[in-house]
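Trainee: Following this message is one structure expressed as structure tokens.
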Amino acid sequence: MKKVSVIIPCYNEAQSLPLLHVELCKLADAEQHYEWEFLFINDGSRDTTINELEKLREKDARCNYVDLSRNYGKEVALLAGFDYVTGDCAVIMDADLQHPPHVAHEMLRKWEEGYEDVYARRKSRGKESWLRKQLSLAYYRLLSKSTRIDVLPNVGDFRLLDRRCIDALCQLREQSRYTKGMYCYIGFKKTFVDFETQDRVAGESSMSYRVLVKLAIEGLTAYTTSPLQWATGVGLVVSLASFLYAIWVIIKTLVWGEPVAGFPTIMIAILFLGGVQLLSLGIIGEYLGRVFNETKNRPVYFVQSFNGDKYEKSRKHH
């Protein structure tokens, strides 16, 4: 009998977990020809998430949980899920039920047809604001044009991965993680299913604009050096413009004279060139910072406990 795992990263999802467990049980009951595992990753939650996971473990042996030592972020929580999952395939979904579990039925049919990465494509982005939707689409267009791998718009972490994909992702141990790019990087046979994004059943999203901007920077710097090339291009354009302007000033002075030096022009030129230099240094600094973090070769995460046991498996993956 094949085993299907479900990986659910959790951060302050105590209110959602009982409702999610009900839906997962419905999914497993409808697919009884599979063995099931529900793997929850507690990513340093500050509410009673860990208590809810302990209760689920007590009443349902299919529920396992990994309690990380602190909040590392969703990307690292997913890596912990890949490390600890035991199924022949794994369905990744959020704990807030924005990813409807019933979509996994269709994913499993695609998997049985031989596909190894079945990703869920959003028909809509739910109740996201117009600005957030437009910024997301613009970011995906920018990323797809600046990297050599295919980055799929309107596609997130909600997907089914074959064991081969999971094993491949476990080998990617970098500190600066952008899992959506990793799915594309590893390749394998892919297809999609469409779904409607649901509303959160409880709690509030932790994906603020600040977090999204940080994630966007991670994506750009993790899979492409285009920002460095853009900085070079801007520098060339500014240098050429400055050279042409210098020629114009010399000609104008020789032909018409220059009675008064232009203070505003000087200030604009200084501020503009200074801004370009700082922007370029900032881009270089982003890449150097990632090189600095990777050279430390530290473990990506530490585990507080697995199913309440602090020692059984916590050393295995580090």
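Taken together, the values in this text are just the output of simple stated rules run on the coordinates, not laboratory data. Everything quoted here is computed from the prediction, not taken from an experiment. A quick note on method: Cβ atoms are made from the backbone with ideal geometry, for glycine too, and the neighbour counts reach across all protein chains shown.
Trainee: Using 25 Å as the Cα-Cα cut-off, could you pick out the over-long pairs in Lys2/Lys74; Lys190/Lys296; Lys2/Lys59; Lys59/Lys123?
Mentor: Pairs exceeding the cut-off: Lys2/Lys74; Lys190/Lys296; Lys59/Lys123.
Trainee: Hey, rough spin-label estimate for Asn293 and Asp309, points 7 angstrom out along Cα→Cβ, what's it come to in nanometres?
Mentor: Result for the modelled spin labels: 3.2 nm.
Trainee: For each of Arg177, Arg70, Arg159, count neighbouring Cβ atoms within 10 Å of the residue's Cβ, then give the residues from fewest to most.
Mentor: The order, fewest Cβ neighbours first, is Arg70, Arg177, Arg159.
Trainee: Highest first, please rank the peptides 299-306, 180-187 by the mean number of other Cβ atoms sitting within 10 Å of their residues.
Mentor: 180-187, 299-306
Trainee: Shifting gears a bit: Under the 0.36 nm per residue contour assumption, what length would be gained going from the current alpha-carbon distance of His33 and Asp47 to full extension?
Mentor: 1.5 nm
Trainee: For Val6, which sequence-distant residues (separation of 5 or more, or a different chain) have an amide H within less than 5 Å of its own amide H, given hydrogens modelled in the peptide plane?
Mentor: Glu37, Phe38, Leu39, Val91
Trainee: Still on this structure, I have one more. Could you put Phe158, Phe40, Phe195, Phe292 in order, starting from the residue whose Cβ has the fewest other Cβ atoms within 10 Å?
Mentor: The most exposed by this proxy come first: Phe292, Phe195, Phe158, Phe40.
Trainee: Give the dimensionless ratio obtained when the Cα radius of gyration of the stretch 1-135 is divided by 2.2 N^0.38 Å.
Mentor: Ratio of Rg to 2.2 N^0.38 Å for the stretch 1-135: 1.07.
Trainee: Could you give the nm distance between label points at Lys2 and Asp60, where each point is 7 Å from its Cα heading toward the beta carbon?
Mentor: Using points 7 Å along Cα→Cβ, the separation is 2.1 nm.
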